[in-house]
Amino acid sequence: MATIVVESYMVRYPLGGMMSWVLQYLVGFARLGHDVWFVEKADYPNACFDPERGVSSDEATFGLRAVDRVLSDVGLGGRWCFVDPAGRYHGASQRSIEAVLGSADVFVEMAPRACWFEEAAGAGARVLIDGDPGFRQMWMADAEASGQPDNLYDHYFTTGRNVGTEASSLPTGGLDWRPLFHPIVLDLFDGQTPRPADGAFTTVMNWRSYEPLRYGGKTYGHKDTEFERFLDLPDRTCARLEIAVSGAESDVHRLRAAGWGVRSGHEATATLDDFRRYVQGSLGEFSVCKHAYVATNSGWFSDRSAAYLASGRPVVQQETGFSAHLPCGEGLFAVRDVDEAASALESLLGDWSRHARAAREIAHEHLAAERVLGELLEEVGL
């Protein structure tokens, strides 16, 4: 049994989709028989979002309660630590978590910025997992060009499965990026729920995560950029379409005028259970991807789409190059334009039960956490 410490976001942004993303890694490592811990720090002002009040502040009470409840439910109660903006430790004490970090076999970094790197200096292997392919590599390439290369980790993994290959235009920053699917713990999602009587094809999305990035004379944007290409999809299909969207920049009136159902992403996925109910109450998912993922043919596949597949909900996702790594055409479709999207949705409506079974099989065969994370640990020497 190895000790694995994971750093990521949960307390600071305790919405269901984010909680689910991190939980798949924590539970997945634990199911493989390892001693798993979660750590997080608030390293900037107003870092903690409270979905009930809809505000960000230094107050972490909502997130602390949510994380304590969720981790206790999966057998990881007490195996976490959060440092608030005032430097106070919650969950595990400072002394105990520093002892865990200092003797850990593996330290896994999933956050945009490393906050526990000094404490984890004694870990046997330090691993970076890149869940935002394109942006991460371009930031790192810029750092390398300025004489500040990122060579802090022993192993680099990316959910952009084409990174470092001829299939993608992305830089590598001089690093050997190993491919990774977002893992999914299948029994955290019920793949046997019946077809909802009045379900829609839905997705959970952020309209724009942060500002576009300029690199190599080109600008790389987010889902708002790509959504324009599919704006009139409701006119091309009889399927009902809905997005649970976050981000103040989204033009809700324009989306509704084009035929999209629109819900608040914060309300639809306020808790982990809300997120799962939203996914399982859907017919399936239709999702666009960040412009950077598409433009660079990164090979990225969504962790939220993995949750839909595990729930027995077919997925239509914009092509990023992931079709080279996952079977498409039954239960999962990769689409490049609005016509392909409409055709895929009509196929799903025509034989939903068959596609729902295929969706669950894809999750089982390709995305199951025991398989994905077992291979990762083999690569790092465990």
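Read-outs throughout are calculated quantities, based only on the coordinates presented, and are distinct from any laboratory measurement. Here the structure is a predicted model, which is why all the values come from computation and not from measurement. Using ideal geometry, Cβ is built from the backbone for each residue, glycine included, and neighbour counts are taken over all protein chains shown.
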Problem - Alpha-carbon centroids, segment 278-321 and segment 6-41: separation in whole Å - result: 21 Å
Problem - Rg [Å, one decimal], Dmax [Å, integer] - segment 186-366, C-alpha atoms - result: 15.4, 49
Practice task
Counting only DSSP beta bridges with both residues in segment 186-366, tell me the antiparallel percent, nearest 5.
Solution key: 15 percent
Problem - Packing rank of 286-293, 59-66, where each peptide gets the mean count of other beta carbons within 10 Å, highest leading - result: 286-293, 59-66
Handout entry: More than 21 Å apart - percent of Cα-Cα pairs taken over segment 1-127
Key = 34 percent
Problem - Computed Kirkwood radius, in angstrom, where 1/r is averaged over Cα pairs of segment 277-326 - result: 11.2 Å
Problem - Listed residues 21, 177, 139, most fluctuating in the chain (Gaussian network, C-alpha, under 10 Å) - result: 139
Completion exercise
Listed by chain and number, the lysines with an alpha carbon less than 26 angstrom from that of residue 290, same-chain partners under 8 positions apart left out, are 218, 223
Completion exercise
Between the alpha carbon centres of segment 66-93 and segment 222-253 the gap in Å comes to 36 Å
Practice task
Step through the residues of segment 190-202 one at a time and calculate ³J(HN,Hα) from phi using the Karplus curve (6.51 cos²θ - 1.76 cosθ + 1.60, θ = phi - 60°), rounding each to whole Hz and writing x for Gly and Pro.
Solution key: 7, x, 10, 5, x, 5, x, 5, 10, x, 10, 7, 10
Practice task
Place a +1 charge on the Cβ of each Lys and Arg in segment 186-366 and a -1 charge on the Cβ of each Asp and Glu, then give the dipole magnitude about the Cα centre in debye, rounded to the nearest 20.
Solution key: 160 debye
Handout entry: residue 246 long-range amide H proximity, modeled H, under 5 Å
Key = 205, 206, 207, 265
